[in-house]
Amino acid sequence: MAIKTKSRRIDFTPMVDMNMLLITFFMLCTTMIKSQTLQIALPTNEKVEKEQQNKVKQSEAVTIIIDGKLNDKGLSDPNEGMLFYYDGMPETDKLAQGESNMKQIEFGAKTGGAYPAIREILQERNKEVVLKIADLKKDWKDMKFSKNEEVNDSIYQEMAKKIRNDSTLKRPVVIIKATPNASYAHVVSVLDEMQINNISRYQIDRINEVDSAMMIMVQAKNLKK
C-alpha cells in the first residue's frame, strides 16, 4: 500500500511586504552623506563690482605664485614645489638693484608636504575674520543656535558667510597665479587654503613678465645663501 505524502510549500508572499517596509524604514531614517565639494566664488559681469576690485588697497592685496618642480620624466611633481608671495604691488623700481618684496616658500616631503607657512601668512592677514569665526564655531559645537543638528549647521553657515563678507573687517584680496610647471594638485591645495582660512575675496590670474623676473631674482639670491 503506497503512502501518500503531502507537498510542503512555504509561502514567501508576506516577506515581500516586510522587505518593502524595511526598505522604506531605512530610507526615511538614514542620514545621507553630504558631498564635500570645493565652492568657488565665480566672478560676475557687473561693471560696479569690477571697478571695486580694481580699487583694492595695496595693503589688502596678497599675490601667491605657485611653481612646481619637474621629476626625471619632465613632468610636474605634485609633492614638491615652491610658493612665492608678495604684499601689495610688485616693487619694480627695486629690480634693477636686485631687490624686491617677493618671498619664497618651499613645500614638499622635507617641509611636511603641506602649506603651514602660507597658512600662517593668510591667517595673519585675515586675523579679524578668523577670530570671529573661531568664536562662532565654539557656539556651533555647543549647539547654541539650535538643538536640531541641521538647523544648527544652517544658522552657523549663514552667520559665517556674513562675517566673511563683512566689509567693516580687514580682509585680504588674494591673487593666485601659477607657472607652467605647477600641477593641478598644487592649485587645488592653494584653493583649499582659501576655504580653510576663510578668505572670501580671491581670484586666479595669469603670471606676467614682472612676476617671472622677480622669481628668478629671488631664486638666485637663495642659491647664493
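The values are calculated or read from the model by the stated rules, or taken from the named source; none is laboratory data. Keep in mind it's a predicted model, so treat the numbers as computed, not measured. Using ideal geometry, Cβ is built from the backbone for each residue, glycine included, and neighbour counts are taken over all protein chains shown.
Just to be sure I understand the filter: pairs with C-beta atoms under 7 Å, separated by 6 or more residues or on different chains, first member in segment 187-203 and in contact (Cβ under 8 Å) with a residue 40 or more places away in the chain and farther than 16 Å from TYR85 by Cα, second member surrounded by fewer than 16 Cβ atoms within 10 Å (Cβ to Cβ) and not hydrophobic (A, V, I, L, M, F, W, C). Which pairs pass?
From residues that are in contact (Cβ under 8 Å) with a residue 40 or more places away in the chain and farther than 16 Å from TYR85 by Cα, the pairs are ILE196/ARG119; ASN197/ARG119; SER200/ASN165.
Taking segment 165-190 as the search range and keeping residues that are surrounded by 17 or more Cβ atoms within 10 Å (Cβ to Cβ) and part of a helix (DSSP H, G or I), which one is modelled with the highest pLDDT?
VAL190
Scan (1) surrounded by 12 or more Cβ atoms within 10 Å (Cβ to Cβ); (2) at pLDDT 70 or above for the single condition VAL16 breaks and write down its number.
Among (1) surrounded by 12 or more Cβ atoms within 10 Å (Cβ to Cβ); (2) at pLDDT 70 or above, the lone unmet condition for VAL16 is (1).
Any idea which of ILE163, ILE216, ILE176 is in the same structural domain as ILE105 (by TED's automatic domain parsing) and in contact (Cβ under 8 Å) with a residue 12 or more places away in the chain?
Values: ILE163 fails: in the same structural domain as ILE105 (by TED's automatic domain parsing); ILE216 fails: in contact (Cβ under 8 Å) with a residue 12 or more places away in the chain.
Every option except ILE176 fails the conditions.
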